[in-house]
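The values are calculated or read from the model by the stated rules, or taken from the named source; none is laboratory data. Everything quoted here is computed from the prediction, not taken from an experiment. Positions of Cβ are backbone-derived with ideal geometry, glycine not excepted, and every protein chain shown enters the neighbour counts. Heavy atoms of the whole protein, side chains included, go into the accessibility calculation; ligands, DNA and RNA do not. Shrake-Rupley method; radii C 1.70, N 1.55, O 1.52, S 1.80 Å.
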Amino acid sequence: YQDPGRADMLHALQADLLHLRSNIQDAHAVAADDRSLTLHACHSPMREVEVLHDQLLAMLAADATLQPRDIAVLLTDVEVYAPLVEAVFEREERASSFIPYCVADRSVRAENPLIEAFHRILDTAGSRLPVSEVLDLLTLSPVQERFDIGSESLDTIATWVADAGIRWGIDGAHRREHKQPALDENTWRFGLRRLLLGFAMPGEGARTYAGVLPYDEIEGADAQLLGRFAEFCEALFDTSKRLTEPRSPHTWQAELLRIIDLFLVDPEGRSAWDVQPLRSAIDAVAKEANAAEFEEPLALEAMLELVETRLESEASARGFLARGVTFCAMLPMRSVPFRVVCMLGLSDGAFPRGDRRLGFDLLAESPKPGDRSRRADDRYLFLEAILAARECVHLSYVGQSIQDNADLPPSVVLGDFLEQVERSPVSYTHLRAH
């Protein structure tokens, strides 16, 4: 533990923490251009990231020795900020405003589109299968590649579905399961029969065949697209029904692997490597259940919870210190010294993060001193990040309403920090920058 001195605002605060000083009387002035500690009140998370990009460009231009790898950006919610970071920082490498970066700690679902598509397909279990849900699945690139349906064909399929009168439900029996009259009209079977019959024979909008009015707008090369769409629908309908039955872990293993092969694995094998972590997680859960001699039936939700836990546990700190500026979550043991430490999302209600208490957790009903607290952990992580910075700390939060420009309060932790700044031997007027 070394006294950092009081050359600037940041080092003065770190010295106060080192010596446990909370109220300093010997105040002294700091340089007018002191930027060691800055606070930015922005109108939205997107604006936070844009301000950060501008500030980092200024820092890198002002100090030739500062490199992007010397900068860490801690995010209170990686899943919220990661798409914004990509939108702002993703630029041509030859551009003058390009800053290399990497985003760590994203969930496996966010990083791997195949795993996200897998979960979206399983979400159809027991659903009413409305048109919007089924067509949304076709927007997923793994599903498009598996059934050879290009993005340019989605508008055509949406037009067919709307003109054929499809609304929701596989058939009349499926509607009965959802406490609705068992009518085939406006179901997927009803609409697909119209589409397929329309290619086989013209109905001219008046003639029916076996009670079905053909849809006459499909002809020529559209027949191949219709066939692939019908194949996808039949696979989805069968899977949606099968997933509602509880199974043993071993039986779930076979069923989930079948779904992967049916919906996600490209026939040419281009996606086999990407889906391997998911296969390994499913196999590991089944292997552990077999070792424990557990053969009780599980609902789909319980099996998925086990698979997701396995995926997250096997995933390392993905992308941490991989390249350029590191964007990462606020986690313990992340207090690696960086020349510049930035924190985004220090807004009221967003940080510190609340405790997630389970309904059956009886310990949470009568907490005792020393119990684990997410809010207390976040306070400590904030303190760790302040102490990890060697030269500069950049703090930002949503401080103005994007609707009426009204002032919004910062996080309670940030408010306490500002009170300490006011009591420290530095001038508070240098801190706030919008």
TODO: Wrap a convex hull around the Cα atoms of the chain, take a quarter of its surface area, and give that in square nanometres.
DONE: 29.9 nm²
TODO: Determine the per residue accessible area of the chain with all protein chains present and a 1.4 angstrom probe, expressed in square angstrom.
DONE: 52 Å²
Open item on the list: Please state the shape class of region 127-234: rounded when a/c is under 1.5, otherwise prolate if a/b exceeds b/c and oblate if not, all from the C-alpha gyration tensor.
Closed with: oblate
Task: ³J(HN,Hα), Karplus 6.51/-1.76/1.60, whole Hz, each residue of region 69-82, x for Gly, Pro - done: 5, 8, 10, 10, 10, 9, 10, 5, 9, 5, 5, 6, 8, 4
Open item on the list: Can you tell me which of LYS241, LYS287, LYS179 moves the most in a GNM of the chain? Springs connect C-alpha atoms under 10 Å apart.
Closed with: LYS179
TODO: Pairs of Cα atoms under 8 Å, at least six residues apart: use those to get the relative contact order of region 152-243, whole percent.
DONE: 20 percent
Task: Area projected by the alpha carbon convex hull of region 206-309, averaged over all directions, nm² - done: 9.8 nm²
Open item on the list: With every atom except the alpha carbons ignored, what do you get for Rg and Dmax of region 55-142, in angstroms?
Closed with: 18.8, 60
- [ ] Could you give me the radius of gyration and the Dmax of region 131-191, taking only the C-alpha atoms into account and expressing both in angstrom?
- [x] 13.1, 37
- [ ] Filter the GluC sites (Glu not before Pro) in region 135-231 down to the DSSP loop ones having no more than 13 other Cβ atoms within 10 Å, then list what survives.
- [x] GLU185, GLU204, GLU219
- [ ] Indicate the gyration tensor shape class of region 353-407 (rounded, prolate or oblate), computed on the Cα atoms with a ≥ b ≥ c the square roots of the eigenvalues: a/c under 1.5 is rounded; otherwise a/b larger than b/c is prolate and the rest oblate.
- [x] oblate
TODO: Find the relative contact order for the chain and round it to a whole percent, using C-alpha pairs within less than 8 Å whose residues are 6+ positions apart.
DONE: 30 percent
Open item on the list: How far apart, in nanometres, would the label points at GLU312 and SER97 be if each is projected 7 angstrom from Cα along the Cα-to-Cβ direction?
Closed with: 3.6 nm
- [ ] For the chain, set up a Gaussian network in which alpha carbons nearer than 10 Å are linked by springs, and say which option among GLU245, GLU93, GLU312 fluctuates the most.
- [x] GLU93
Open item on the list: Run the helix sum for the chain: -39,500 (n - 2.57) per DSSP H stretch of 4+ residues, divided by residue count, reported at 222 nm to the nearest 500 deg cm²/dmol.
Closed with: -13500 deg cm²/dmol
Task: Label-point gap, in nm, between GLU50 and ASP416 - each point 7 angstrom along Cα→Cβ - done: 3.3 nm
Open item on the list: Suppose each label sits 7 Å from its Cα in the direction of the beta carbon; what would the LYS241-LEU183 distance come out to in nanometres?
Closed with: 2.2 nm
- [ ] With springs only between Cα atoms under 10 Å apart, run a GNM on the chain and tell me which of ASP34, ASP371, ASP148 wobbles the most.
- [x] ASP371
TODO: Can you list which of the trypsin sites (Lys or Arg not before Pro) found in region 78-137 are DSSP loop residues with at most 11 other C-beta atoms within 10 Å?
DONE: ARG94
Task: Kirkwood Rh, Cα atoms: Rg over Rh of region 168-229 - done: 1.05
